[in-house]
Amino acid sequence: MQIQRLVDLEDYEFDTLLVTYNHKNRLSIELGKVSEIFHSLQEDDLVGGSKVYGLRGKDFSYQGQPYYNLIFIGIPEHASPRRFQLQFGAALKEAKKLKGQNLLMTAIGDDVSYWLSSAMKGILLADYSFDKYHSDKKEAPELNLGILTGVDQASFKKEEQYSRMMASAVFTARDLVNEPANVMTPEALAEVAKEIAEKNNIKCTILGREECEALGMGAFLAVAKGSKQAPKMIVLEYNGRVTDEEKIALVGKGICFDAGGYHLKPSASMKGMHGDMGGAAAVIAAIGAVAQAKLGINVTAIVPACENLVSGKSMKPGDIVSSMNGKYIEVVNTDAEGRMVLADAITYAIRECGATSIIDIATLTGACQTALGNCYTGLFSNSDDLAAKLVQASILSGENIWRMPLGDEEYNDLNASSVADIANCGTQCGAIAAARFLHAFVEKKPWVHLDIAGTSESEDDKEIYSKGGTGVGAMTLYEVVKLLEKPYKSY
Ligand code: BES
Ligand code: MN
Ligand code: ZN
């Protein structure tokens, strides 16, 4: 999509006008007969409140003149950055439905700096499709977006560049999730990570089965051994502030397919399990953006990538495996594989990479999806500070996060095992049990766990989403790293 800043309408021919209206049903601009049309639509209850409504120019005329497409965008009072994204995303979807190509919107008023980048992000994010496997697809013409604004060129460019960077990180993550498991194998995922690393001056190390064995990653390898696909521990290191001893580890679950193992998933739950690497996709995309923006901070992304399948080599219920941390894990449920691979990745982050704080992100539990649905990612943490930073980052990114309790010793028996140090499957409150399992491996480092089982996939094409991967986490991780970046000190 082309975006241009307009200071007047000369030379810009548009076919689709995007107009916002507020909670008092007042249009942001009065242009020609637009408000008359708006009010007539209101009488039929078609617009009003916070609806996004499109009207096809070809289908109506005004006093005998054919008209351009009109899209009315409701903006509720005190709209959050997320709300702006969703409303403008919905508007873009509407514009495409109306076959608009040259869009015009206005960004005028005191509060523009509050919402301009959210609107841009919403429009860009909504313009995504994963259609590479439709051999008869028609190339959709590129859209032009003209923004009539008083914002100066430098600020405008900055907002645009930032919005584009976020959208492109999200698309990277979505593409990774949307690829089927026969294409996006652990090896393929490692290749993509390597390419992104090479483009952005990031150090990339990929550990194979033997190297992981030598490090004692018994939990990761126990999951991996049921598949013919070779496991890969993917490590991306970006050191943007070498004088700083702090290093954030971003750990993303990279299960390229989760059949459940011997605790085989029923058909309906197995659907979409090629996307069980949504956490991996988010951390890879985020570190790419962090490096692209040259943030002054040290970040390492770690992805334990493998498949969880059934075979004569698979782990079995009741197996006891030793983790890199030293703790023995009883495999009570082979379908609770995510926490096992993450445990070794977290230990690797602490012991081999020198991580001083850890953020993990994973499509970890159906229980979290049940608790929060599809609009909120669950957050669990041992650090109020880091948790607050993530919530702050999520407001900037527009990706909803809700903090859940980790609980204390009271909940220790959730993962109690009679035969080993810890069981990989809890007895109740599944999302907390999974979080507490990971907590047992963080060695008291400040840590946040994001459970994206509910938010990683979208059921339909709506607002900023397209059916399939949402790319959730990529933007929030970028924002949190940016918040944690310290102001430059000269010594
Ligand atoms: N990958 C799944 C979790 C999941 C569920 C992701 C739905 C996306 C959508 C995870 O590995 C899993 O199977 N979790 C089990 C844990 C249980 C066996 C303790 C679950 O949630 O049922
Ligand atoms: Mn599973
Ligand atoms: Zn899984």
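Readers should treat all values here as calculations from the given coordinates under stated rules, not as data from a laboratory. Since the structure is predicted, the reported quantities are computational estimates derived from the model, not experimental observations. Note that each Cβ is placed from the backbone with ideal geometry, even for glycine, and that neighbours are counted across all protein chains shown.
When Rg and Dmax are taken over the Cα atoms of segment 63-161, they come to 15.2, 47 Å. Once you order the gyration tensor axes a ≥ b ≥ c over the Cα atoms, which shape class does segment 184-239 get: rounded for a/c under 1.5, otherwise prolate or oblate by comparing a/b with b/c? It comes out oblate by the Cα gyration axes. Derived scalar couplings between HN and Hα for segment 225-238 equal 6, x, 10, 6, 6, 5, x, 9, 9, 9, 10, 10, 10, 10 Hz in order, rounded to whole Hz, by the Karplus curve 6.51 cos²θ - 1.76 cosθ + 1.60 (θ = phi - 60°), x for Gly and Pro. Candidates Gly226, Ser113, Phe130 compared by Cα position along the dipole of the chain: farthest toward the positive end lies Gly226, with charges placed on Cβ. Here the label points at Lys58 and Glu211, each 7 Å from Cα along the C-beta direction, are separated by 5.6 nm in the simple model. Across the chain, Cα-Cα pairs more than 40 Å apart make up 26 percent of the total.
Which of Val52, Val448, Thr377 sits closest to the plus end of the dipole of the chain, meaning its Cα is farthest towards the positive end, when Lys and Arg get +1 and Asp and Glu get -1 on the C-beta? Comparing the listed Cα positions along the dipole, Val448 ranks first. Inter-label distance, Cys375 to His78: 1.6 nm, where each label sits 7 Å from its Cα along the C-beta direction.
Rounded if a/c is under 1.5, else prolate if a/b beats b/c, else oblate: with a ≥ b ≥ c from the C-alpha gyration tensor eigenvalues square-rooted, which is segment 196-340?
prolate
In µm²/s, what is D for segment 333-471 at 37 °C and 0.692 mPa s, where D = kT/(6 pi eta Rh) by Stokes-Einstein and Rh is the Kirkwood radius from Cα pairs?
The diffusion coefficient I find is 210 µm²/s.
Give the separation of the Cα centroids, segment 81-115 to segment 280-313, in Å. Value for the Cα centre distance between the two parts: 31 Å. Inter-label distance, Ser311 to Gln101: 5.1 nm, where each label sits 7 Å from its Cα along the C-beta direction.
With +1 assigned to the C-beta of every Lys and Arg and -1 to the C-beta of every Asp and Glu, and no other charges, what is the dipole magnitude of the chain about the Cα centre in debye, to the nearest 20?
Taking the Cα centre of the chain as origin, the dipole is about 380 debye.
Placing R0 at 41 angstrom, the Cβ-Cβ distance between Met270 and Ser322 gives a FRET efficiency of 0.90 after rounding to 0.05.
The charge dipole of segment 309-454, taken about its Cα centre with unit charges on the Cβ of Lys, Arg, Asp and Glu (plus for the first two, minus for the last two), comes to roughly 240 debye. Along the positive direction of the dipole of the chain (beta-carbon charges: Lys, Arg +1; Asp, Glu -1; about the Cα centre), which of Ala197, Gly398, Tyr21 reaches farthest? Farthest along the dipole direction, towards plus: Ala197.
Any chance you could tell me what percent of the C-alpha pair distances in segment 135-247 go past 25 Å? Distances greater than 25 Å cover 49 percent of the Cα pairs. Under 17 Å of direct C-alpha separation, and excluding same-chain neighbours fewer than eight residues apart, Lys462 reaches these aspartates and glutamates: Glu94, Asp127, Asp131, Glu399.
Charges were assigned to the Cβ only: +1 to each Lys and Arg, -1 to each Asp and Glu. The resulting dipole of segment 92-231 about its Cα centre is roughly 260 debye. Of the cross-linked pairs Lys389/Lys445; Lys58/Lys138; Lys203/Lys294; Lys265/Lys467, those separated by over 19 Å at the C-alpha level are Lys58/Lys138; Lys265/Lys467.
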